[in-house]
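Working notes, structure below.
The values are calculated or read from the model by the stated rules, or taken from the named source; none is laboratory data. This is a predicted model, so every value here is computed, not measured. Note that each Cβ is placed from the backbone with ideal geometry, even for glycine, and that neighbours are counted across all protein chains shown.
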Amino acid sequence: MSVAREPSGLPDARRSVAVGTFDGVHRGHRRVIDAARSAGLRTSVVTFDPHPRAVLGGRVELLATLERRLELLTDAGVEDVLVLPFDDRLAAVSAGEFADRMLRGIGAEVVAAGSTFRFGRGREGDLDLLERLGFDVRRVPVVENVSSSRIREFVHAGEIAHAATLLGRPPEVEGVVVRGDGRGRELGFPTANLDIPDGLLVPPDGVYAGWAGGRRAAVSIGTNPHFDGLERRVEAHLLDFDGDLYGERLVVQVWAPLREQSRFESLDALVSAIAEDVERTRAASRPG
């Protein structure tokens, strides 16, 4: 897949373009991408980074990093992506200029977007405008109750299965593996401690069954109250794995909550609880 930050960076082609932020690349987003692909031209995406709402004064907890978004777009069959750096200058571009430079400028003939899609300065542009400008517009109805905002609400509430249904896959967290305190290894359950990017949505504190690095993983999110921890961390114990992951990027799927983080009456009680977490992780089912 070709990725560019400006229109001139993409190869010349007749394109069918899906437009949107696509945070999380959920079931509704994939419906838009499918509509673009059905046109039979080169399937492309125009998207934005950072999230426009964050630039315009709102707070957004992202469902996926840009790197992960691009991987998910590749999996969805997208051939090219134009990632537009969203800043005050782009926000001030008129809808007509955006259509001319960012869509027609990359060879877009077909444009697919959600039926409520707006663009351009002050959100002045819509799909009717694109039709008047000569584009073949594919209007994609909003999938009922499927939105990035709704998925965030479910993740915040710890309703992992509901979030996975909307996403079409389990919720994820990701980060680079960094050195922690080494307590997991001392207890017989080594963990990969993740440096989570700022602004990425993380599920509530607790212990979860999940998947990472091609293996089932018991995932701990929180401050580790048994050891009086203060720093909120995400740590994954990859089952039946004892390799070195330091410095590697790790995407962790969150499958199901197992228990709350707790302070135990003894170290033996903690080890016993972790062992039970591992066995429950072996038996867990992937949601979504």
ASP205 meets each of (1) more than 15 Å from ARG232 (Cα to Cα); (2) over 14 Å from the mean Cα position of the chain (by Cα); (3) outside the structural domain of GLY40 (by TED's automatic domain parsing) with one exception, condition (1)
All-but-one check, VAL83 against (1) within 16 Å of the chain's Cα centre (by Cα); (2) over 26 Å from LEU133 (Cβ atoms), failing number (2)
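Just to confirm my filter: which strands (runs of 3 or more DSSP E) fall fully inside segment 70-184 and include at least 1 residues that are surrounded by 18 or more Cβ atoms within 10 Å (Cβ to Cβ), outside the structural domain of HIS26 (by TED's automatic domain parsing) and of a type in the set (Gly, Ala, Ser)?
Working: elements: 80-85, 108-114, 136-140, 172-178.
Result: 172-178.
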Here is a check on your reading of the model: is VAL45 modelled with pLDDT of 95 or more and either in contact with a helix residue (DSSP H, G or I) (Cβ under 9 Å, 6 or more places away or on another chain) or assigned by TED's automatic domain parsing to the domain that holds GLY20 (or both)? yes
Here the residues within segment 7-63 that are outside any helix (DSSP H, G or I), among the β-branched types (Val, Ile, Thr) and either farther than 20 Å from ARG123 by Cβ or out of contact with any His (no Cβ under 7 Å at 6 or more places or on another chain) (or both) are VAL17, VAL19, VAL25, THR43, VAL45, VAL46, THR47
Selection over segment 185-199 where residues are surrounded by fewer than 16 Cβ atoms within 10 Å (Cβ to Cβ) and in contact with a helix residue (DSSP H, G or I) (Cβ under 6 Å, 6 or more places away or on another chain) yields a count of 1
Filtering segment 240-274 down to residues that are in contact (Cβ under 8 Å) with a residue 60 or more places away in the chain and among the small types (Gly, Ala, Ser) yields GLY247, ALA256
In segment 223-240, anything modelled with pLDDT under 95 and either of a type outside the set (Asp, Glu) or not assigned by TED's automatic domain parsing to the domain that holds VAL254 (or both) is listed as THR223, ASN224, PRO225, HIS226, PHE227, GLY229, LEU230, ARG232, ARG233
Exactly one of GLU248, GLU265 is at pLDDT below 95 and either surrounded by fewer than 16 Cβ atoms within 10 Å (Cβ to Cβ) or among the hydroxyl-bearing types (Ser, Thr, Tyr) (or both), and that one is GLU265
Per the filter on segment 55-67, residues of a type outside the set (Val, Ile, Thr) and surrounded by fewer than 21 Cβ atoms within 10 Å (Cβ to Cβ) are LEU56, GLY57, GLY58, ARG59, GLU61, LEU66, GLU67
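Out of segment 236-288, which residues are part of a helix (DSSP H, G or I) and touching a Phe, Trp or Tyr at 6+ places or on another chain (Cβ under 6 Å)?
The initial filter retains those residues of segment 236-288 that are part of a helix (DSSP H, G or I), namely 267-283.
Across segment 236-288, the qualifying residues are LEU270, ILE274.
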(1) surrounded by 19 or more Cβ atoms within 10 Å (Cβ to Cβ); (2) within 16 Å of the chain's Cα centre (by Cα) all hold for VAL17 apart from (2)
